[in-house]
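First comes the structure, then the notes that go with it.
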Amino acid sequence: MSVPPAALAELTATDPSGVAEALDLITGVDGALEHGLGRPDPAHARALADLAGAMSATPLGAVVGEAVETIASGSIADTQTAALAGGRGALVGAVHDALLAALDGATGRARDEAPAPQEPAADGAADERFGGVRSWLTELAINGWRGVDGELASGADQAIETLLADPALRRPAVLLDGLAAELRACAPTATMEGLPTRRWADLWARALVLTQRGALPGPGATAEPVTGRLLPLGVDVHEHATAVQAQVHAVLEPADGGPARLVRTAVSAAKVDVIVGPAVWGLLADHPVLLGALAEQCSLEVADMPLTAGGDLLWDDALAGKGEPADPFVTARVALPAAVAPAVPPLERHPTRIAEPVLLEGYKKAETPRGPAFDLGDTVLPVATDRLPACGPLTDKLVASSSACIGLMRWDAGGWSVQPLAVQAKVKRVLTGVHTGDWALGPTDPKVAKAEARYDALGVLRERAGRLLRR
């Protein structure tokens, strides 16, 4: 069953009450961080005071209010920046919750209640190692994004390297490493015409929150084993110069007869920037069962595979087997409407994280100022064709000529859009399903396969690596 156009029209017509005001407050805080907390300015001081006012009736009210007063007096330390990051994070989370609730209402999707908070991990050693990076994050806030030079950008390199060496701290370490790398690449920022102010503020605030005591998952935050049939809907490929991840969205039908559940599972690998296009699938070859199901459009039988409360299935090929053929469009029409979505973990509540699978049908090609779109009659929905991966057969042209689409509803740049994972379109006059994961076992298009065979970047790199190891 596809999403009713009238419900989509209501969703896209206007944002939920309070979202615009919250975003304005966040923009004010971000402006203060760009300017630098160590250089008082009446407009930015007023933005921080507005944040304190917005937080006054919440559990964070006293902490944020005291922090803003201390910052205004010129005394800034880790405690104040942590409170500022927490207040900003609470606003961002509220925006996320309002948008997701509106989307759930439009799609008719049921969602789990958020679980009770778990006891935080008491890792004193981790707290001690985070001290250096918290000080660095505070220095960034004091100087502002306009005041970042090469020395400041590299100020936490040694501390980050220490964190990266500990697998238990990999999550905040990778985030910090990415932020530091971006700042080094842009330094000195004073010469830049435009800064990614919102992005850097997001990364900065998230890093500060993740490095606070209690942010790491405690002993009760474990995944529960599940057994049942997994029906893939599509795969969202995240590709960067040094990494690739295939995140599969699927419906899980538990073997115990419980309600169907909307889940995600992901596999990742390191890469180099010369491995692009269909060749990236070769980096994930250690997961043949999952890749085979994507390429052949089959279900999967999973047994005792860990599932987190946030809906992430921790993939292990050894715990899965290939099932019967399962057309993702049949899954989207029959199983998706009744699937229960997971609650969003507290630290994951951010609008850019929203990526909810939906089925759209009966639309026409359209254009908007934001680019290509689907005209559903009651509304025109932008299509995020810029998110189409280069490793699959799904193209802008196929999307434009399609009549049905399985996609991810996203909210970015102040509005809703859909990211296609699969479409049904006429190919040589035959209605055909085209999916982002069709080439998971290699290109099926003869021309693309021939081009890939002409220069096997992954094979060349492996051969050269083998030579080095034999020396």
For this session: Using R₀ = 56 Å, calculate the FRET efficiency as 1/(1 + (r/R₀)^6) where r is the Cβ-Cβ separation of ASP50 and ALA285; round to 0.05.
Result: 0.60
For this session: Give me the number: length gained by fully extending ASP166 to ALA20, i.e. 0.36 nm times residue separation minus the C-alpha to C-alpha distance, one decimal in nm.
Result: 48.5 nm
Exercise. Placing +1 at every Lys and Arg Cβ and -1 at every Asp and Glu Cβ, with all other atoms neutral, what dipole size does segment 224-338 have around its Cα centre, in debye to the nearest 20?
Worked result: 240 debye
Seminar exercise, completed: Assertion target for ASP386, ASP312, ASP157, ordered by fewest C-beta neighbours within 10 angstrom first, is ASP386, ASP157, ASP312
Exercise. Expressed as a whole number of Å, what is the distance separating the alpha-carbon centroids of segment 176-244 and segment 359-435?
Worked result: 27 Å
Exercise. Which residues in segment 388-429 have a backbone N closer than 16 Å to a point placed 7 Å from the Cα of GLU367 along the Cα-to-Cβ line?
Worked result: 396-397, 400-401
Problem set entry | Base-10 log of normalised Debye intensity for the chain (one unit scatterer per alpha-carbon) at q = 0.07, 0.13 Å⁻¹ | -0.41, -1.38
Exercise. Separation between the ALA241 and ASP256 pseudo-spin-labels, each 7 Å from Cα along Cα→Cβ, expressed in nm?
Worked result: 4.8 nm
Exercise. Charges only on Cβ, +1 for Lys and Arg, -1 for Asp and Glu: so what's the dipole of segment 1-55 about the Cα centre, in debye to the nearest 20?
Worked result: 120 debye
For this session: Normalising by the residue count of the chain, find the relative contact order in percent from Cα pairs under 8 Å and 6+ residues apart.
Result: 15 percent
Exercise. Roughly speaking, what is the stretch gain from GLU193 to GLU113, that is 0.36 nm per residue apart minus the C-alpha to C-alpha distance, in nm to one decimal?
Worked result: 24.3 nm
Problem set entry | Long-range lysine pairs (8 or more apart or interchain), the chain, Cα under 24 Å | 14
Problem set entry | About the Cα centre, charge dipole magnitude for the chain (Lys/Arg +1, Asp/Glu -1 at Cβ), debye | 1440 debye
For this session: Report the extension gain between ARG429 and THR27 in nm, rounded to one decimal, defined as 0.36 nm multiplied by the number of residues separating them, less their alpha carbon distance.
Result: 139.7 nm
Exercise. Given 10 Å bins starting at zero, what is the percent of C-alpha pairs of segment 12-210 in each, up to the one with the largest pair distance?
Worked result: 8, 32, 34, 21, 5, 0
Exercise. How high is the relative contact order of segment 349-429, in percent, counting Cα pairs under 8 Å that sit 6 or more residues apart?
Worked result: 33 percent
Problem set entry | Furthest towards positive pole of dipole, THR197, VAL248, ALA269, structure part segment 184-275, Cβ charges | THR197
For this session: Would you calculate a helix-derived [θ] at 222 nm for the chain, using -39,500 (n - 2.57) for each DSSP H run of n ≥ 4 and dividing by the full residue count, to the nearest 500?
Result: -12500 deg cm²/dmol
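Would you mind computing the Rg to Rh ratio of segment 224-338 from its alpha-carbon coordinates, Kirkwood style for Rh?
Expressed as Rg/Rh, it is 0.98.
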Problem set entry | For the chain, with +1 on Lys and Arg beta carbons and -1 on Asp and Glu, the positive-most of LEU314, PRO288, LEU359 along the dipole | PRO288
Exercise. Counting DSSP beta bridges in the chain, what percent are antiparallel, to the nearest 5?
Worked result: 95 percent
Exercise. What longest range of the chain stays clear of loop-exposed GluC sites (Glu not before Pro) (DSSP non-H/G/I/E/B, at most 15 other C-beta within 10 angstrom)?
Worked result: 194-471
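Every number in this text was worked out from the coordinates using simple rules, so none of it is lab data. Computed from a predicted structure; not experimentally measured. Glycine also receives a Cβ, built like all others from the backbone with ideal geometry; neighbour counts cover every protein chain displayed.
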